[in-house]
Amino acid sequence: MSTVIYPSPIFGPIHSRRLGVSLGINLLPSDGKVCSFDCIYCECGFNSDHRPKKPMPTREEVYEVLENRLKDMSVNGPKPDVFTFAGNGEPTAHPHFPEIINDTLELRDKYFPNAKVSVLSNSTFIHRPKVFEALNKIDNNILKLDTVSAEYIDMVDRPAGHYDVNEIISHLKVFNGNLIIQTMFMKGTYQGKSVDNTSDEYVLPWIETVKSIAPRQVMIYTIDRETPDQDLLKASHEELDRIVELLAREGIYATASY
Ligand code: SF4
């Protein structure tokens with residue numbers, strides 16, 4: 001097993017644990033990773049091990065390749081449940097992300113009007129008005145908030161530039177409920193330090209914050225594939241179920257992927 005670098009701009013379709021038959025849209029280069037985070041659990045590996053030489057795909061290239069794939073799928077199947085912006089890094093980092101969202105919604109309406117459009121984002125560019133506006137138009141606006149501890153974020157998510165978790169939380173609130181919070185729970189160690197965020201020390205303040213953001217859903221998950229750091233461990237079913245139950249008690253709809 002090894003970490004994964006996805007084809008670009010389109011990959012799959014794959015069967016996603018969380019999203020069904022999912023056609024992947026990867027706005028990052030095909031030969032490496034570009035992300036404003038450098039998570040120690042990233043399935044694409046550490047940023048420094050996968051510096052790309054190729055550019056990001058252009059808006060025109062994404063449109064053409066996506067349309068050709070959709071034409072083919074409308075004849076040969078399978079029918080996608082969802083178009084998922086994910087892949088080798090942070091999709092909203094693409095300079096034409098807002099325009100590409102408009103193109104995708106247009107092509108979705110033309111070929112598979114019942115399919116959803118999802119974006120998996122680490123939330124670092126949601127303060128940009130055009131990114132915010134684009135994310136507000138899609139069906140599943142899935143935004144990462146792994147914890148509210150700045151120290152934990154520095155150790156595990158490892159933001160590349162300025163990152164203030166309180167600013168991010170303020171921006172998440174502006175979606176007015178039109179978002180899904182996505183949170184990774186795991187255990188194990190990184191460079192000898194515990195990265196266990198399943199205990200009350202991390203879970204309870206995170207739940208208080210999630211309540212104040214009031215998302216329409218929370219998706220919690222744990223490690224599924226090989227990670228660049230070798231000392232990370234999956235959270236157990238019981239630990240994830242306990243967190244879902246704590247959220248349910250607060251009236252927050254949550255799902256877990258094991
Ligand atoms: S935000 Fe996502 S793509 Fe970026 S480093 Fe973390 S897991 Fe990888």
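The values are calculated or read from the model by the stated rules, or taken from the named source; none is laboratory data. Every value quoted in this text rests on a predicted model; they were computed, and no experiment measured them. Virtual Cβ from ideal backbone geometry, glycine too; neighbours counted across all protein chains shown. These area figures cover heavy atoms from the full protein model, side chains too; ligands, DNA and RNA do not enter into them. Shrake-Rupley method; radii C 1.70, N 1.55, O 1.52, S 1.80 Å.
Residues of region 222-258 that are part of a loop (DSSP other than H, G, I, E, B) and hydrophobic (A, V, I, L, M, F, W, C): Ile223, Ala235, Ile252. Of all residues in region 138-173, those that are acidic (Asp, Glu) and buried (at least 21 other Cβ atoms within 10 Å of the Cβ) total 2. Considering Ser30, Ser8, the condition of being farther than 27 Å from Ile220 by Cα and of a type in the set (S, T, N, Q) is satisfied by Ser30 alone.
Of the residues that make up region 99-122, is at least one among the aromatic types (Phe, Trp, Tyr) and within 15 Å of the chain's Cα centre (by Cα)?
First, the residues of region 99-122 that are among the aromatic types (Phe, Trp, Tyr): 111-112.
Next cut, within 15 Å of the chain's Cα centre (by Cα) only: none.
Checked against the condition, which is being among the aromatic types (Phe, Trp, Tyr) and within 15 Å of the chain's Cα centre (by Cα), region 99-122 yields no hits at all.
Filtering Asp196, Asp224 for residues that are within 28 Å of Thr3 (Cα to Cα) and open to solvent by 50 Å² or more (accessible area, probe 1.4 Å) leaves a single hit, Asp224. In the condition set (1) touching a Lys or Arg at 6+ places or on another chain (Cβ under 9 Å); (2) assigned to a loop (DSSP other than H, G, I, E, B); (3) open to solvent by less than 70 Å² (accessible area, probe 1.4 Å); (4) within 27 Å of Asn178 (Cβ to Cβ), Ile126 is compliant with all but (1).
Scanning region 174-193 for residues that are open to solvent by less than 20 Å² (accessible area, probe 1.4 Å) and more than 22 Å from Gly45 (Cα to Cα) returns Phe175, Gly177, Leu179, Ile180, Ile181. Of all the numbered requirements in (1) over 16 Å from Lys144 (Cα atoms); (2) among the charged types (D, E, K, R); (3) in contact with a strand residue (DSSP E or B) (Cβ under 8 Å, 6 or more places away or on another chain), Arg216 misses one, and that requirement is (1). Scan region 144-154 for residues that are more than 13 Å from the ligand (Cβ to nearest atom) and among the aliphatic types (A, V, I, L, M) and report the count. The number of residues fulfilling the criteria is 2. Against the criterion of being under 27 Å from Leu135 (Cα atoms), open to solvent by less than 70 Å² (accessible area, probe 1.4 Å) and over 20 Å from the mean Cα position of the chain (by Cα), Ser212 qualifies.
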